[in-house]
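Asks: This structure is in structure tokens; I'll ask about it shortly.
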Amino acid sequence: MIVLLAAAALQAPAQVSVPTPSAAPLVRQYRDLALSPVGDRIADTESVETGEEAVHPHAALVVRSARDGSVLATIDPCPTCTYAAPAWSPDGAALTFLAASDNGFSASLFVVENGVARVAASLTGVAGTPRWSPDGASIAFLATPDAHKKTGATQAGAPLVGEIGEVNDEQRIAIVPRAGGELRYVSPADTFVYEYDWTPDGAGFIATAAKGNGDNNWWVAKLETFDAKSGAERVLAAPMFQINYPRVSSDGKTVAVIGGLMSDFGSIGGDIYTAPIEGGALTDRTPGFKGSFTGLAWRGRDLVVTALTGDKTAIAAVDPAKGTIRVLWSAPASLSAAEFDGAIALTADGASAAAVVQDFAHPPEINAGRLSALKPITHDNDALKPDLAMRSVSWSSEGRDVQGWLLTPLTLEPGRTYPMVVNVHGGPSAASQPRFAAHGTVHDLVVHGDFVFLPNPRGSYGQGEAFTEANKRDFGGGDWRDIMTGIDAVEKAAPVDDRRLGLYGGSYGGFMTMWGVTQSQRFRAAVAGAGIANWISYYGQNGIDEWMIPFFGASAYDDPAIYNAESPINFIKNAKTPTFIFVGERDVEVPAPQSLEFWHALHAEGVPTSLVIYPGEGHGVRGPEQVQDLNRRILAWFDKYLGAGAS
């Protein structure tokens, strides 16, 4: 074993040794937050960022008091590593976390006890989601040995060379003793495990899992159990909808999941379902709820959940037996904790919680306290003031309540009108939520003098599962009409120049941008990121076609008519709007040929266009230099065709 000294003991006061760039604005970012079982300490990864760094700043693992946010320890055993997923032992005496190498393809599981950080396990490959056994004697985590790519369909794909489809990366549950040792794999070698948790007796695991290609089968994973000793696999349920966040009740008898129509890797929202752990149909416990559940955890007989309801995020207690929902906390804000642990971190008794909270006007800070009375305990970003204004906008569209966000410069000149960029989110099962912006494309557009409108049309989260399902077999139909009526609603309430509208989006928002410029002449400029031009060709190009069947009802080979009816390329003769297009070279979700096809068609039709394919990038541009280049190009494109600022 390699023994490394932490910067300080878990209880010893220390200063945060995170580098502080000199450029402004400085924003301290808190990620992967974990709360100790009794609620006295918080662990997270922290860095100070400007958004303009040549490389992503190194983040240290920081332990804070949950009472006042004071720093108790800084743990930084590998200055070239990326830390993630801290988790407290059941007794609160130890902390585990993952450290990935700078290329992301080797990982170490650290355990910190008595001020010493030691490597408990190492892996050549990718690792995630460590979880302590209920007795604290061992640690499980998800391991992909000898991985060809990072986990998730949004990550850059492996080069498509050699015989295709013969070898798949498989993410497996692995166990290591608390003291360290050899990894023991529990789940089968042909199965990709997405999410998992220990059963309360420590005898096994509940999980979402699928055979074969992990990128593609996220949308069709089954609910399964795995025996911790034998690895025996048992399918509990195979519903016709997607399921996430598998959790077992404290008495070990009931499994709860979030279920519904979902899209894009990691974008989770739906109703709460339960089933007996012995097997049986999943039952919807929250039918008709006007919102989307985004996280859940058992505490006693109840579930503590988070939900997106209109323009607010709520924390609530749900009695699954009675179907009652009791809201404990609600605000127009975004909450985050640890990936696949939910938006909040809870104490063992469920009475207290912690989360990173932010909105458009308030930068991220750690909040903690009783569930009904969360309050900020960090103040590192207090000096940051918003340089844009926001308001929630609601409107009615064909009998549906629809909501979005309007961002504007802080000061508006009387009598002036402003250009507006409509930014359509990806998904489509997702939602634009309040997040503080100190840099980035949307921020830069607003401080440059543009309005930015973030609509949440049908297909989005936040208005109930029927609303999320309302764009099935109707991409670019009702959702597009929701957006257009939303623009009308904004123009009635704000000084927008309708002659200077822009359209912008990535992924599903990229499709909607391509669709929009073939359906309307209302926009003077457009930017489409990783968009879908031709659903027929896309069906055969992408690495995630399983997501499409629930939305289209059949494959492109069985029902080509619906795919053709919703393909922007079939309406290309209508396009007149200057359109900038960008995509990642190794995008698994929306491969680059889709962007190339649309660019080629616009070019052939004489429409001003530009295409950039970013090398090595996946579904989303991540490299800092590439992000900066993209932001500059988007701002310049809208400046060229909309004009800068007020007129």
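Asks: State the three equivalent ellipsoid semi-axes of the stretch 150-214, derived from the C-alpha gyration tensor as the square roots of 5 times its eigenvalues, in descending order and whole Å.
Replies: Value: 27, 14, 11 Å, ordered largest first.
Asks: For the peptides 595-604, 501-510, 308-317, what is the packing order when you average, over each peptide's residues, the other Cβ atoms within 10 Å and list the highest mean first?
Replies: Details: 595-604: 19.8, 501-510: 26.1, 308-317: 21.3.
Ranking the peptides 595-604, 501-510, 308-317 by packing returns 501-510, 308-317, 595-604.
Asks: Right, here's the next one. Test of understanding: what is the full-extension gain from ARG391 to LEU412, defined as 0.36 nm times their sequence separation minus their Cα-Cα distance?
Replies: 6.1 nm
Asks: Also: Averaged over all directions, how much area does the convex hull of the C-alpha atoms of the stretch 281-384 cover when projected, in nm²? Walk me through the numbers on the way to the answer.
Replies: Details: hull surface 28.6 nm².
Projected area, direction-averaged: 7.1 nm².
Asks: Against the longest principal axis of the chain, how steep is helix 478-493, in degrees 0 to 90 to the nearest 10, with axes from Cα atoms?
Replies: In the chain, helix 478-493 runs at an angle near 70 degrees to the longest axis.
Asks: At most 12 other Cβ atoms within 10 Å and a DSSP loop assignment: could you name the trypsin sites (Lys or Arg not before Pro) in the stretch 184-267 that fit? Mind dumping the intermediate values first?
Replies: Numbers: sites: ARG184, LYS211, LYS222, LYS229, ARG234, ARG247, LYS253; in loops: LYS229, LYS253.
Answer in residue order: LYS229, LYS253.
Asks: Kindly report the accessible area of the chain per residue (heavy atoms of protein chains, probe 1.4 Å, no ligands, DNA or RNA), in Å². Walk me through the intermediate numbers first.
Replies: On the way: 24250 Å² over 647 residues.
Accessible area per residue: 37 Å².
Asks: Residue by residue through the stretch 182-193, which ³J(HN,Hα) values in whole Hz follow from phi under the Karplus form 6.51 cos²θ - 1.76 cosθ + 1.60 (θ = phi - 60°), with glycine and proline marked x?
Replies: Using θ = phi - 60°, the values come out as 6, 6, 10, 7, 9, 7, x, 6, 9, 10, 9, 9 Hz.
Asks: Continuing with this model, one more query. Provide the FRET efficiency to the nearest 0.05 for the ARG326-ALA644 pair, computing r from the beta carbons and using R0 = 51 Å.
Replies: Numbers: r = 49 Å, r/R0 = 0.97.
It comes to 0.55.
Asks: Suppose a student asked you for the relative contact order of the stretch 580-628, using Cα pairs under 8 Å spaced at least 6 residues apart; what percent would you report?
Replies: Details: 71 pairs, mean separation 24.3, N = 49.
Averaging sequence separation for qualifying contacts and normalising by length gives 50 percent for the stretch 580-628.
Asks: Same structure, new question: Sorted from largest down, what three extents in whole angstroms do the Cα atoms of the stretch 473-621 have along their principal axes?
Replies: 44, 34, 27
Asks: Related question: In the set (i) 52, 27, 21; (ii) 38, 28, 25; (iii) 55, 50, 31, which value of semi-axes √(5λ) of the Cα gyration tensor in Å was calculated from the structure you see?
Replies: From the options (i) 52, 27, 21; (ii) 38, 28, 25; (iii) 55, 50, 31, the structure gives (ii).
Asks: What 222 nm value per residue comes from the helices of the chain, counting each DSSP H run with n ≥ 4 as -39,500 (n - 2.57) and dividing by all residues, nearest 500 deg cm²/dmol? Don't skip to the end; give the middle numbers.
Replies: Working: 10 runs with 93 residues, N = 647.
So the calculated ellipticity at 222 nm is -4000 deg cm²/dmol.
Asks: Still on this structure, I have one more. Mind listing the phi-derived Karplus ³J(HN,Hα) values for the stretch 249-263, rounded to whole Hz, using 6.51, -1.76 and 1.60 with θ = phi - 60°, and x for any glycine or proline?
Replies: 5, 4, 8, x, 9, 10, 9, 10, 9, 9, x, x, 8, 10, 8
Asks: Give the residue from TYR245, SER352, THR408 lying farthest towards the positive end of the charge dipole for the chain; charges sit on Cβ (+1 for Lys and Arg, -1 for Asp and Glu) and the dipole is referred to the Cα centre.
Replies: Value: THR408.
Asks: Which order do you get for ARG326, ARG499 if you rank them by accessible area with a 1.4 Å probe, largest at the top?
Replies: On the way: ARG326 140, ARG499 165 Å².
Listed by decreasing accessible area, they come as ARG499, ARG326.
Asks: Here is a further query. Determine by what factor the alpha-carbon radius of gyration of the stretch 483-549 differs from 2.2 N^0.38 Å, reporting the quotient. Don't jump to the answer; show the numbers that get you there.
Replies: Numbers: Rg = 14.6 Å, N = 67, 2.2 N^0.38 = 10.9 Å.
Relative to the rule-of-thumb radius for its length, the stretch 483-549 sits at 1.34.
Asks: Moving to a separate point now. Over the chain, what percent of the accessible surface lies on carbon and sulfur atoms, probe 1.4 Å? Write down the numbers at each step before the final one.
Replies: Working: 12820 of 24250 Å².
In the chain, the share of accessible area belonging to carbon and sulfur is 53 percent.
Asks: Compute the projected area of the convex hull of the Cα atoms of the stretch 323-464, averaged over all viewing directions, and report it in nm² to one decimal place. It would help to have the intermediate numbers written out before the result.
Replies: Details: hull surface 45.2 nm².
Average projection, Cα convex hull of the stretch 323-464: 11.3 nm².
Asks: Considering only DSSP states other than H, G, I, E and B, which trypsin sites (Lys or Arg not before Pro) in the stretch 392-439 qualify as loop sites with at most 12 other Cβ atoms within 10 Å? Intermediate results must be reported in sequence, preceding the final value.
Replies: Values: sites: ARG400, ARG416, ARG435; in loops: ARG416, ARG435.
Those satisfying the criteria are ARG416.
Asks: Here's a follow-up. Provide the solvent-accessible area of ILE487, counting protein heavy atoms only and rolling a 1.4 Å probe, rounded to the nearest 10 Å².
Replies: 0 Å²
Asks: Dipole of the stretch 340-485, Cα-centred, from +1 at each Lys and Arg C-beta and -1 at each Asp and Glu C-beta, to the nearest 20 debye? Write out the running numbers ahead of the final one.
Replies: Working: 11 positive and 17 negative charges, 46 e Å.
About 220 debye.
Asks: Loop-only trypsin sites (Lys or Arg not before Pro) in the stretch 545-647, please: DSSP not H, G, I, E or B, and at most 12 other Cβ atoms within 10 Å. Don't jump to the answer; show the numbers that get you there.
Replies: Numbers: sites: LYS573, LYS576, ARG586, ARG622, ARG632, ARG633, LYS640; in loops: LYS576, ARG586, ARG622.
Here no trypsin sites (Lys or Arg not before Pro) fit, given the DSSP loop and packing criteria.
Asks: Still on this model: So what J values fall out for the stretch 335-351 if you push phi through Karplus, 6.51 cos²θ - 1.76 cosθ + 1.60 with θ = phi - 60°, rounded to Hz, Gly and Pro as x?
Replies: 10, 8, 9, 10, 4, 6, 10, x, 7, 10, 10, 10, 6, 4, 8, x, 7
Asks: Let me ask something additional. Given the stretch 173-307, report the % of alpha carbon pairs whose separation exceeds 22 Å.
Replies: Details: 3250 of 9045 pairs.
Everything past 22 Å amounts to 36 percent.
Asks: In straight Cα distance, which lysines are under 27 Å from LYS472, not counting same-chain residues fewer than 8 positions off?
Replies: List returned: LYS211, LYS222, LYS290, LYS312, LYS573.
Asks: Need one number: nm distance between label points at ARG67 and ILE613, each 7 Å from Cα along Cα→Cβ, rounded to one decimal.
Replies: 5.9 nm
Asks: If packing is taken as the average number of other Cβ atoms within 10 Å across a peptide's residues, how do 517-524, 417-424 rank, most packed first?
Replies: Working: 517-524: 19.1, 417-424: 25.2.
Peptide ranking by packing, descending: 417-424, 517-524.
Asks: Mind pulling the angle between the C-alpha long axis of helix 508-519 and the longest principal axis of the chain? Nearest 10 degrees, somewhere in 0 to 90.
Replies: Helix 508-519 sits roughly 10 degrees off the main axis of the chain.
Asks: Where does the stretch 448-530 land on the Kirkwood hydrodynamic radius, alpha-carbon pairs, in angstrom? Mind dumping the intermediate values first?
Replies: On the way: mean 1/r = 0.0743 Å⁻¹.
Kirkwood hydrodynamic radius for the stretch 448-530: 13.5 Å.
The values are calculated or read from the model by the stated rules, or taken from the named source; none is laboratory data. The shown structure was predicted, so the numbers you read here are calculated from the model rather than taken from an experiment. As a convention, Cβ positions derive from the backbone with ideal geometry for all residues, glycine included, and neighbour counts pool all protein chains shown. These area figures cover heavy atoms from the full protein model, side chains too; ligands, DNA and RNA do not enter into them. Shrake-Rupley method; radii C 1.70, N 1.55, O 1.52, S 1.80 Å.
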